[in-house]
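Participant: Got a structure for you, questions after.
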Amino acid sequence: MPNLLSLFIIFFYLNIHSNPMPLGLELNKTTNIDLTKKYKIINKEPNYWQGYNYYIEPNTKTISKALVICNDFNVIEAVILTIDQNKFEEFYNILQR
């Protein structure tokens, strides 16, 4: 039981201090204002969480579509990327950098 508790604490601690930044947009910190400064917005539509979904034009050839989901405070909560299956290896190498 103590091993399970210590494993849970380590997992929880690592998740608290992780800062995922897909496309340079830090999740749960970056706002839609920062998004508009960095990327061209193609489409904006309301979502189920009282916020907006933003379809952006990514600045890389490996990504064909990018969807940014914001909450009602205009803070980015998720970034969904669509890549061409023929470009997977190239995209994977970019992620390893």
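Quick note: the coordinates plus some simple rules give every number you see, no bench work behind them. Keep in mind the model is a prediction, meaning the values are calculated, not measured. Please note: Cβ atoms are built from the backbone with ideal geometry, for glycine as well, and neighbour counts cover all protein chains shown.
Participant: Give the number of residues within segment 50-63 that are loosely packed, with under 12 Cβ neighbours inside 10 Å and of a type outside the set (Lys, Arg).
Facilitator: Going through segment 50-63 one residue at a time, the tally reaches 2.
Participant: Return the total of residues in segment 41-97 being in contact with a helix residue (DSSP H, G or I) (Cβ under 7 Å, 6 or more places away or on another chain) and polar (S, T, N, Q).
Facilitator: Residues in segment 41-97 being in contact with a helix residue (DSSP H, G or I) (Cβ under 7 Å, 6 or more places away or on another chain) and polar (S, T, N, Q): 2 in total.
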